[in-house]
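Following: one structure in structure tokens, then a few remarks.
The values are calculated or read from the model by the stated rules, or taken from the named source; none is laboratory data. Keep in mind that this is a model prediction, so the values were computed, not measured. Cβ atoms come from the backbone with ideal geometry, glycine included; neighbour counts cover every protein chain shown.
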Amino acid sequence: MKLTLTATMIALLCTWTAPAEAADDALLQRMSLCQDSWLDWKDDAARVKRYVAELESRFTHGERGAGLAPKSPTKAFGLPVAQVFPQSVGMALGFSVMVNADFAQARRSLESRLGRSMTCQNSEEGHGCELKIGEEKTVVLMSDENGKSRQTLLGCYYYYEK
């Protein structure tokens, strides 16, 4: 009895003193998987206002261009978030997240969450994968330097602006 009580106390103490790790960010994941889309509710002023307020409360304009940097450690798909691009995926309209992970790691994590494989191709510029989810909704994954980059872009691509 005393041994069980001591073991329980040790387990509780270890749990309480373990460093807190950032949980996956639900908003970033839903937007990246095309489950939520600002394209769908762009005419709903109240929803857009909530979305903008949520992003502005947790992200700041980064030093590197159009992206937003997290104010505190943030994860999506189990990967550390470097930047968020709330209106684009590369040159297309959409929503994307730059994670601090190589292409293979990001692909495994994203496909695991999707529950299916993405169609991928390699080029001289790098790697790219996609999975069409619906009309104007395609989950994408991109990395330059033939997958050797330590950062990977993933997100929901709506369409190229004409």
Could you grab me the full set of residues in segment 36-50 that are under 16 Å from the mean Cα position of the chain (by Cα) and either without any contact (Cβ under 8 Å) to a residue 40 or more places away in the chain or more than 19 Å from Tyr159 (Cβ to Cβ) (or both)?
Asp36
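Only one of Ala53, Ala76, Ala106, Ala101 is more than 24 Å from Tyr159 (Cα to Cα) and either surrounded by 13 or more Cβ atoms within 10 Å (Cβ to Cβ) or among the β-branched types (Val, Ile, Thr) (or both); which? Spell out how you get there, then give the answer.
Values: Ala53 fails: either surrounded by 13 or more Cβ atoms within 10 Å (Cβ to Cβ) or among the β-branched types (Val, Ile, Thr) (or both); Ala76 fails: more than 24 Å from Tyr159 (Cα to Cα); Ala106 fails: more than 24 Å from Tyr159 (Cα to Cα).
Of the residues listed, the single one that is more than 24 Å from Tyr159 (Cα to Cα) and either surrounded by 13 or more Cβ atoms within 10 Å (Cβ to Cβ) or among the β-branched types (Val, Ile, Thr) (or both) is Ala101.
Condition first: in a loop (DSSP other than H, G, I, E, B) and not polar (S, T, N, Q). Now tell me which residues in segment 79-95 satisfy that.
From segment 79-95, those in a loop (DSSP other than H, G, I, E, B) are 86-87, 90-91; that's our starting set.
Across segment 79-95, the qualifying residues are Pro86, Gly90, Met91.
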I'd like the full set of residues that are among the small types (Gly, Ala, Ser) and assigned to a loop (DSSP other than H, G, I, E, B), limited to segment 96-145.
Ala101, Gly115, Ser117, Ser123
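Say whether the condition of being touching a residue at least 60 places away in the same chain (Cβ under 8 Å), surrounded by 22 or more Cβ atoms within 10 Å (Cβ to Cβ) and of a type outside the set (Asp, Glu) is met by at least one residue in segment 119-130.
Start the filter on segment 119-130 by keeping residues that are touching a residue at least 60 places away in the same chain (Cβ under 8 Å), which leaves none.
Within segment 119-130, none of the residues are touching a residue at least 60 places away in the same chain (Cβ under 8 Å), surrounded by 22 or more Cβ atoms within 10 Å (Cβ to Cβ) and of a type outside the set (Asp, Glu).
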Just one of the numbered conditions (1) touching a Pro at 6+ places or on another chain (Cβ under 8 Å); (2) at pLDDT 80 or above is not true of Ala22; which one?
(2)
Could you list, in sequence order, all residues of segment 48-79 that are over 21 Å from Asp102 (Cβ atoms) and of a type in the set (D, E, K, R)?
Lys49, Arg50, Glu54, Glu56, Arg58, Glu63, Lys71
Note on Cys156: of the conditions (1) in contact with a Gly (Cβ under 8 Å, 6 or more places away or on another chain); (2) at pLDDT 90 or above; (3) not in a strand (DSSP E or B); (4) not aliphatic (A, V, I, L, M), unmet is (3)
Out of (1) crowded, with 17+ Cβ neighbours inside 10 Å; (2) farther than 13 Å from Cys34 by Cβ; (3) not basic (Lys, Arg), what's the single condition that is false for Ser112?
(1)
Residue list for segment 54-95, filter: in contact (Cβ under 8 Å) with a residue 40 or more places away in the chain, within 19 Å of Trp38 (Cα to Cα) and of a type in the set (Phe, Trp, Tyr)
Phe85, Phe95
Residue count for segment 38-55, restricted to those that are in contact with a helix residue (DSSP H, G or I) (Cβ under 7 Å, 6 or more places away or on another chain) and either outside any helix (DSSP H, G or I) or within 21 Å of Glu136 (Cα to Cα) (or both)
3
